[in-house]
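Peer 1: Pasting in a structure now, in structure tokens, and then I'll have a few things to ask.
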Amino acid sequence: MQITLTNIGRRFNKEWIFRNIDYTFIAGESYAVLGPNGSGKSTLLNLLLGSLTPSEGTIAYERIKEEAIYQQVSFAAPYLDLIEEFTLQETIDYHFQFKDYAEGMDALAVLNLLGLEQSQDKALKHFSSGMKQRTKLALACCAATPILILDEPTSNLDEQGVVWYHDLVNRFAGSRTTIIGSNQKQEYAFCKEQLLISDYKS
């Protein structure tokens, strides 16, 4: 799915985070949104998600109205909250009430992918930060949506978790429009295109 940004800007109080972004995310391509911490990467991703509205400019989604975009996007980020009282199995079941599974996937396949079959009845509040991050990534990647957005995807992952992330992206990014917010090359090395937030500072 193609996303077109026209003169996009976002400010906080009177300070502009970025301005004058004219950019097109072409369907099926992979993109890295780059910049240091605090540069506005997450802000831009949340504009694409529809969680924030631009202070100026427009965002157009190919054949989709803006208010329905949440059905077309999967998202994972370290700051995204999970329901801590839910078990892992309940989390998976709840998530996929709103999104279809990717081809060949079901609840058991997601558990197997995570390698957490023995923890399916464990509440997420007892999970480590790494286990929670893996869960967020698996939920996002295993949903059948045309857009996949990941913000700082290897946060809280150890070396083995980073390898797991690379396998996950290789398997599920495929022909989706994939957008990675990052300042760590290990997270976005596979992306074909780059958007630098620093190019749009006012």
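Every read-out reported here was derived from the displayed coordinates using simple, explicitly stated rules and does not represent laboratory data. Owing to the predicted nature of the structure, the values given are computational and were not obtained by experimental measurement. Heads up, the Cβs are rebuilt from the backbone with ideal geometry, glycines too, and the neighbour counts pull from every protein chain shown.
Peer 1: Out of everything in region 145-202 that is part of a helix (DSSP H, G or I), free of Cβ contacts under 8 Å to residues at least 40 places away in the same chain and polar (S, T, N, Q), what residue ends up being nearest to Y61 (Cα to Cα)?
Peer 2: N170
Peer 1: Out of the residues in region 34-68 that are aliphatic (A, V, I, L, M) and within 28 Å of Q184 (Cα to Cα), state the one that is surrounded by the fewest Cβ atoms within 10 Å (Cβ to Cβ). If you could, list the steps in order and put the result at the bottom.
Peer 2: Narrowing region 34-68 to residues aliphatic (A, V, I, L, M): 34, 44-45, 47-49, 52, 59-60, 64, 68.
Still in the list and also within 28 Å of Q184 (Cα to Cα): 34, 44-45, 47-49, 52, 59.
Details: L34: 21, L44: 27, L45: 21, L47: 22, L48: 23, L49: 18, L52: 14, I59: 17.
The qualifying residue surrounded by the fewest Cβ atoms within 10 Å (Cβ to Cβ) is L52.
Peer 1: Out of all the residues in region 11-29, is one or more surrounded by 14 or more Cβ atoms within 10 Å (Cβ to Cβ), touching a Lys or Arg at 6+ places or on another chain (Cβ under 7 Å), farther than 23 Å from C141 by Cβ and not charged (D, E, K, R)?
Peer 2: yes
Peer 1: Say we look at region 146-202 and pick out the residues that are of a type in the set (S, T, Y) and surrounded by fewer than 14 Cβ atoms within 10 Å (Cβ to Cβ); which of these is nearest to the chain's Cα centre (by Cα)?
Peer 2: Step one: filter region 146-202 for residues of a type in the set (S, T, Y), giving 154-155, 165, 175, 177-178, 182, 188, 198, 200, 202.
Retained after the next criterion (residues that are surrounded by fewer than 14 Cβ atoms within 10 Å (Cβ to Cβ)): 175, 198, 202.
Numbers: S175: 15, S198: 21, S202: 26 Å.
The qualifying residue nearest to the chain's Cα centre (by Cα) is S175.
Peer 1: Does T91 satisfy being under 24 Å from L137 (Cα atoms) and surrounded by 14 or more Cβ atoms within 10 Å (Cβ to Cβ)? Lay out the reasoning, then the answer.
Peer 2: Numbers: under 24 Å from L137 (Cα atoms): yes; surrounded by 14 or more Cβ atoms within 10 Å (Cβ to Cβ): yes.
Yes: the conditions hold for T91.
Peer 1: Another one. (1) surrounded by fewer than 19 Cβ atoms within 10 Å (Cβ to Cβ); (2) on the phi > 0 side of the Ramachandran plot; (3) touching a Ser or Thr at 6+ places or on another chain (Cβ under 8 Å): which one isn't true of K122, the others all being true?
Peer 2: (2)
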